[in-house]
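The values are calculated or read from the model by the stated rules, or taken from the named source; none is laboratory data. Bear in mind that the values here come from a model prediction, so they are computed numbers and not experimental data. Methodologically, a virtual Cβ is constructed for each residue, glycine included, from the backbone with ideal geometry; neighbour enumeration extends over all protein chains shown.
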Amino acid sequence: MRIDVVSIFPSYFDGLTLSLLGKAQDAGILDLQVHDLRDWTHDRHRTVDDTPYGGGAGMVMKPEPWGAALDSLADGSLSPSKGRPTIIFPSPAGEVFTQATARDLAARDHLIFGCGRYEGIDERVFDYAASLGEVRLISLGDYVLNGGEVAVMAMTEAIGRLIPGVVGNPESLVEESHEDGLLEYPSYTKPSVWRDRDVPPVLLSGNHGAIAAWRHEQQLERTRTRRPDLLGE
Ligand code: 6GU
């Protein structure tokens, strides 16, 4: 999979070379390229923003650098299968990112993330981007960040770990929170008693059927108390 990220703060993404995603890049499973939006400006001050038409607070990202960035990254030649990319703009006004979104995006071969700052990007950029690929506006949740960078880091990690070969043991993906619509069951390790607190005895019983039943009951109970919305309640 190829992922391009466009940002005015490319060094935010240095952390993505660490750990699992770094190994996936070394192994050639993931090709992650981070770009500075200002490389597509032509004025002396490398300007990426301007005042909003109609007035109002803050600044808006100018369309021209975004148009040039998309032209060079979305022309198809960079996609592993030479197809059209999926172009994602992180936005608190977008659809909410879930594990299902991560699974959908992990199956694609070329993602382009455009990180907005200030009061947003000139709206015409989204329409133009739709002429080059499938456009998605995606939010992490109902709160506001200063820009798309942290959201793209989170999305890239959630997507990247679902690419086959990135997580060493694929079984570890199956039993996680959200994969079956429930929260994960609690985990314990040695010692069996720690500071007067016991490990639930069923886990020491060796009865695999009883352990599986207990874990499922724990998943249901946790989901009921912490996230009833996941059960439609
Ligand atoms: Cl994707 N961007 C910004 N700026 N704020 C957010 C967000 C995204 N998701 C939640 N809050």
It is to be established whether one or more residues within the range 133-150 are more than 30 Å from Gly22 (Cβ to Cβ), aromatic (Phe, Trp, Tyr) and either touching a Pro at 6+ places or on another chain (Cβ under 7 Å) or loosely packed, with under 12 Cβ neighbours inside 10 Å (or both).
no
Condition test on Glu176, is it under 20 Å from the mean Cα position of the chain (by Cα) and outside any helix (DSSP H, G or I)?
yes
Only residues that are in contact (Cβ under 8 Å) with a residue 12 or more places away in the chain and farther than 18 Å from Phe13 by Cβ: list them for the range 107-122, please.
Arg108, Asp109, Tyr118, Glu119, Gly120, Ile121, Asp122
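Matching residues to (1) among the hydrophobic types (A, V, I, L, M, F, W, C); (2) touching a residue at least 60 places away in the same chain (Cβ under 8 Å); (3) surrounded by 13 or more Cβ atoms within 10 Å (Cβ to Cβ):
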position	(1), (2), (3)
Asp14	no, no, no
Leu21	yes, yes, yes
Ile29	yes, yes, yes
Trp40	yes, no, yes
His45	no, no, no
Glu64	no, no, yes
Thr86	no, no, yes
Scan Thr98, Thr51 and give me the residue that is under 22 Å from Asn146 (Cα atoms) and more than 20 Å from the chain's Cα centre (by Cα).
Thr51
Does any residue of the range 110-128 turn out to be aliphatic (A, V, I, L, M), surrounded by fewer than 22 Cβ atoms within 10 Å (Cβ to Cβ) and closer than 19 Å to Leu73 by Cα?
no
Search the range 203-223 for residues that are within 23 Å of Pro191 (Cα to Cα) and pair each with any residue that is part of a helix (DSSP H, G or I) and aromatic (Phe, Trp, Tyr) when their beta-carbon atoms are under 9 Å apart and the residues are at least 6 apart or on different chains.
Leu203/Trp214
Could we say that Ser205 is of a type in the set (Gly, Ala, Ser) and closer than 26 Å to Arg103 by Cα here?
no
Hey, can you tell me all the residues within the range 115-169 that are within 14 Å of the ligand (Cβ to nearest atom), modelled with pLDDT of 95 or more, of a type in the set (Ser, Thr, Tyr) and part of a loop (DSSP other than H, G, I, E, B)?
Tyr143
Among the residues of the range 61-72, is there at least one that is within 16 Å of the ligand (Cβ to nearest atom) and either of a type in the set (Val, Ile, Thr) or closer than 24 Å to Ala158 by Cα (or both)?
no
Name the one entry in Thr156, Thr189 that is out of contact with any Cys (no Cβ under 6 Å at 6 or more places or on another chain), under 29 Å from Thr86 (Cα atoms) and polar (S, T, N, Q).
Thr156
Sort through Glu233, Glu179, Glu171 and tell me the only one that's of a type in the set (Asp, Glu) and in contact (Cβ under 8 Å) with a residue 12 or more places away in the chain.
Glu179
Output the number of the condition that Asp75 fails; it satisfies all remaining conditions of (1) assigned to a helix (DSSP H, G or I); (2) more than 30 Å from Arg222 (Cβ to Cβ).
(1)
